[in-house]
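Notes follow the structure.
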Amino acid sequence: MSDERNHFYVTTPIYYVNDQPHIGHAYTTILADVLARYHRLLGIPTHFLTGTDEHGQKVQQAATQRGVTPQEHVDTYVTRFTDLWQHLDITHDDFIRTTEPRHKKIVQHVLAELFARDEIYRAEYDGWYCVTCERFYTEKDLDAGKCPEPGCHKPVEKIRETNYFFRMSKYQDWLIEYIEEHPSFIQPDFRRNETLGFLRKPLTDLCISRPKTRMSWGIELPFDPDFVTYVWFDALLNYVSAIGYGVDDTQFRQWWPASMHLIGKDILTTHTVYWPTMLHAMGLPMPKTIFAHGWWLIGRDKMSKSAGNVVNPMELAARYGVDAFRYFLMAEMVLGQDASFTQEGFVRRYNADLANDLGNLLSRVVRMTVSHFDGKIPSPGALATEEKYLQEVTVAAVIGMRDAVERMRMDQGISGLAGAIREANRYLELRQPWALAKQGPAARGLMGTTLYCAAETLRMVSGMLYPVMPEKMAVLRAALGCTAGAPDYTRLSHWGELKVGTPLQPIKPLFPRISFEQASTSPEPKSQPASSSKSGKKASALPEGLISFDTFGSLDLRVAQIESAEKVQGADKLLCLQVLVGAEKRQIVAGLATSYAPEDLVGKQVVIVANLAPARIRGVESQGMLLAADGEDQLRVITVEPGAAHGAKVR
Ligand code: MSP
């Protein structure tokens, strides 16, 4: 993802300083952090910029309401972002505030130059203004007389005034051609098409000023003290002002053009139309990629203050741990599409991937190595088919993650790594080192091989997950006796790097299991749909009635063993089953009472949907769903051939 000059410059949008930071802000910044950490580990010079957008009408209004100056207001509020980034372990190289002199100076420098070259002119303006979006619209832009922005739709004000305009319209043909010739410029592809669609209508010139009589909190125009700069024209320039444009040419040339501007889908036009035309007028090359991600929905709903469902990242990280929160966000969102957040979904993924699979594997390996090999990595013998298979899966997952980062499919890369961890647990179930321990010296060789191979999978996977969960993976790697500090990415995909005899460190559980009761003490939405947009439509068009592979992949189907079954009081059709799913016990309520006597079900290995949101059925909690086929008058449960342990994934 770095360019020919082998550098990586990644940016987030600069956030409105007035806003209460939410999961959407946290997501973009964590994504940028993960990308920056990957590139640094690959030895690529990296620069990561984030910051705050501090001018504009809303800031001025908020300051007036609080009875403070706008500068005092932003100085107080900016700490919510700086504190959050510190808390979330964000490793930005720079944090820019648009009220800083270094930024204001460059905005004025650019304005003066564009004005001198007649790229900016003065004219009378007549149009509609949305205070929330701080944008002007023409009559035909409006949607039923309201702001046309999908997330806004607020009433607009009629405005007639003199202003300054940037000659954006003259770059329309150039921009269309540039976008068409550079497929990686706007990503994902459907967002590129969205911008090209927008450019099918004639482009107007961009109003880049606000008269001080109406709004004075902004950067004064260098050629007319009665006006301040339009907040978007000011804000977009942060990407160059922060790296020394117009001041430090060496620094600027080191980083520009940016490798990746990460943005949300709602600020596509400003970044893929305003910004490129501004850069072109300034004579600067284009950023390599502008990547627009989707939105976090809360359950099915848009997050908003009025709906009272704003997810506070600080609280989540405090409750479940910073690294688990980072992991969830990266694993869950298919980049480009909307994703759904629910506490239940979070807890399920946490318990499945981190507590059960990863944490469990680590504690098994460490515990048995400590008890049977004096706490030192045992020597592996020759690798049989089973070991070679684990090796293959692990190496493929490491390479898959590298490839996934390049393709901006973090979710797929992480799912491959989680798959390798599951495979290692399955491998342990197969080799049963705990049983080998009881067989005396003859089985010691195989036991050593088993523990070595499982530890090797942990070493490789934890190295790849290090940028996602830096703190926990450092602890895990220290426990495995890996050298301190960041993993060496040049050697990460080599199987067999773990040194025989390295002492392991016993550790406390990395990811203690979370119970649903614990999780449900905070407000949460009721439903948990798969990734969907507000309209319920998938972003990628599929023929009606078909689902995508990703949708199928979001089902966590598992083998479960029925331990006991009993009738649910007062419900003729229901049985309450206690099942084992790997190390986990679950209760499932199923409509099987007219098809089976409870005792007939005990001992059966069945298939369950393990990531279905828990529900109360006739007052009894059901944690998943059992699959059954329609028989003649009865249901027939789907069972699994011997040889698959409970907890195994069904694909
Ligand atoms: N200040 C402008 C950006 C200027 S960049 C030169 C801005 N700020 S913002 O604070 O409103 O939004 C910042 C980012 O948060 C945007 O990328 C926006 O898409 C993103 N998100 C806002 N709500 C979101 C979700 N619910 N989910 C994911 N991201 C969301 O716009």
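Note on the range 172-300: Kirkwood hydrodynamic radius from all Cα pairs is 16.2 Å, rounded to one decimal.
Note on the range 341-492: percent of Cα-Cα distances in each 10 Å bin, starting at 0 and stopping at the bin with the largest distance, equals 11, 40, 35, 12, 2, 0. A straight chain from LYS376 to LEU430 at 0.36 nm per residue would run longer than the Cα-Cα distance by 17.2 nm.
For the range 549-637, how big is Rg over Rh, using alpha carbon atoms and the Kirkwood form of Rh? The Rg/Rh ratio comes out at 0.96.
Averaging Cα coordinates gives a centre for the range 408-482 and one for the range 142-175; these two points are 55 Å apart. Just to verify a number: FRET efficiency for GLU621 and LYS438, C-beta to C-beta distance, R0 = 41 Å, to 0.05? Step by step, r from the Cβ atoms, then E = 0.60. Summarising the strand pairing of the chain, around 70 percent of its internal DSSP beta bridges are antiparallel. How many nm separate the modelled label positions at ASP173 and SER564, each set 7 Å beyond the Cα in the direction of the Cβ? In this crude spin-label approximation the distance works out to 8.1 nm.
When Rg and the Kirkwood Rh are both derived from Cα coordinates, the Rg/Rh ratio for the range 102-143 amounts to 1.13.
Taken per residue, the accessible surface of the chain reaches 43 Å², heavy atoms only and a 1.4 Å probe. Placing dummy labels 7 Å off each Cα toward the beta-carbon, the span from HIS494 to ALA112 is 5.6 nm.
Taking θ as phi - 60° and the Karplus parameters 6.51, -1.76 and 1.60, the scalar couplings of the range 305-311 work out to 4, 5, 7, x, 10, 6, 8 Hz in sequence order, x denoting glycine and proline. In the structure shown, the pairs LYS265/LYS305; LYS265/LYS649; LYS58/LYS104; LYS58/LYS302; LYS105/LYS265; LYS58/LYS146 are assessed against 26 Å; a Cα-Cα span above that value is assigned to LYS265/LYS649; LYS105/LYS265.
How large is Rg over Rh for the chain, taking Rg from the Cα atoms and Rh as the Kirkwood inverse mean of 1/r across Cα pairs? Using Cα coordinates only, the ratio equals 1.03.
Over the range 29-185, with a single point scatterer placed on each C-alpha, what log10 of the ratio I(q)/I(0) does the Debye formula yield at q = 0.08, 0.10 1/Å? Summing over Cα pairs of the range 29-185 leads to -0.38, -0.61. Among the protein heavy atoms of the range 549-637, carbon and sulfur supply 49% of the accessible surface, probe 1.4 Å, non-protein parts ignored.
Between the Cα long axis of helix 322-332 and the first principal axis of the chain there is an angle of about 90°, rounded to the nearest 10. Counting only residues at least eight positions apart within a chain, or on another chain, the aspartates and glutamates with an alpha carbon under 12 Å from that of LYS158 are ASP126, GLU139. Taking a straight Cα-Cα cut-off under 23 Å and skipping sequence neighbours fewer than 8 places away in the same chain, the lysines within cross-link reach of LYS438 are LYS376. Using the Cβ atoms and a cut-off under 15 Å, what net charge is assigned to the surroundings of ALA318, where Lys and Arg are +1 and Asp and Glu are -1? Its environment carries a net charge of -2. Taking the accessible area of the range 341-492, probe 1.4 Å, and keeping the other protein chains in place, the carbon and sulfur fraction comes to 54%.
Considering the range 587-628 at the alpha-carbon level, its Rg and Dmax are found to be 10.6, 27 Å.
The values are calculated or read from the model by the stated rules, or taken from the named source; none is laboratory data. Values in this document were obtained by computation on a predicted structure and should not be read as measured data. FYI the Cβ positions are ideal-geometry reconstructions off the backbone, even for glycines, and counts take in every protein chain you see. Each accessible area value is taken on the protein alone, full model and side chains, heavy atoms only, with ligands, DNA and RNA left out. Shrake-Rupley method; radii C 1.70, N 1.55, O 1.52, S 1.80 Å.
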